[in-house]
Amino acid sequence: MFRLFANALREEAPQQPQDEAPPATTAITTTATSPQHFPPEPPRSPRLQVEHSRRLEEELAILRADLADQRGAYEAKLADQRAKLTAKLAAQRDKYEAKTARLEERNAWLEGTVAKRAEEKQWLERRNDALEATEKRLDARVGALEERVFELQAENWALKQENADFRADFDGVVGEMAALRRGAEALAERAHRALARPRAGDARASPKRRTESDTEA
């Protein structure tokens, strides 16, 4: 359709070539000198409008091709970055999962250790209570034994005093017995001397009888 319209404009173009050229230049100059950079006004000639539209379509096609290339490049770049980020996130996820598994294992071990220490603490508390009770019983037993020792020491001291008294009495009795023994020995010696002394009737006895009496003695 654009081609037919362009051909029709080309057929009409030789009739007014000089009339339409200045407005295009003026439009170009105005756009060049315009500080606001507005798009140029379309030419008023139909032929120039067709050429202008054709140039715009070509530029639009070029821009679309550039945009398609840029879009493809950006999509490839984004896909590459996405793949890298996905791999990085997967590696980090594996790392964090492994770390989490180690931490869970460590936590389980710590919980087991804490439970074991709690059981040991309870056992030690029971053992401590038993030892304290035993210590109290031993203290009571030691107190009773100390009292018994004091009683035995008192009894021993009393027995020592009684033994000393008995010893004094025994020494007195031994002294008396020694004195009595010495007296008895003296009496026996005097009796022996008295018996051994010859009588007057015996002096006149025969020597044979004296010999017999000596033999009997």
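Any read-out appearing in this document is the output of simple, stated calculations on the displayed coordinates, not a laboratory observation. Note that the coordinates shown come from a computational prediction; the quantities given were computed from them, not determined experimentally. All Cβ positions, glycine included, derive from the backbone under ideal geometry; neighbour counts span all protein chains shown.
Scan segment 59-82 and give yes if some residue there is in a helix (DSSP H, G or I), over 60 Å from the mean Cα position of the chain (by Cα) and of a type in the set (Lys, Arg), otherwise no. Spell out the reasoning first.
To start, the set of residues in segment 59-82 that are in a helix (DSSP H, G or I) comprises 59-82.
If we keep only those that are over 60 Å from the mean Cα position of the chain (by Cα) too, we end up with 59-70.
Narrowing further to those that are of a type in the set (Lys, Arg): 64.
Checking segment 59-82: at least one residue is in a helix (DSSP H, G or I), over 60 Å from the mean Cα position of the chain (by Cα) and of a type in the set (Lys, Arg).
The conditions of being in contact with a Pro (Cβ under 7 Å, 6 or more places away or on another chain) and at negative phi are met by residue 49.
Specify which of the listed residues (124, 145, 131) is surrounded by 10 or more Cβ atoms within 10 Å (Cβ to Cβ) and more than 41 Å from the chain's Cα centre (by Cα). Before the answer, list the steps.
Values: 124 fails: more than 41 Å from the chain's Cα centre (by Cα); 131 fails: more than 41 Å from the chain's Cα centre (by Cα).
It is 145.
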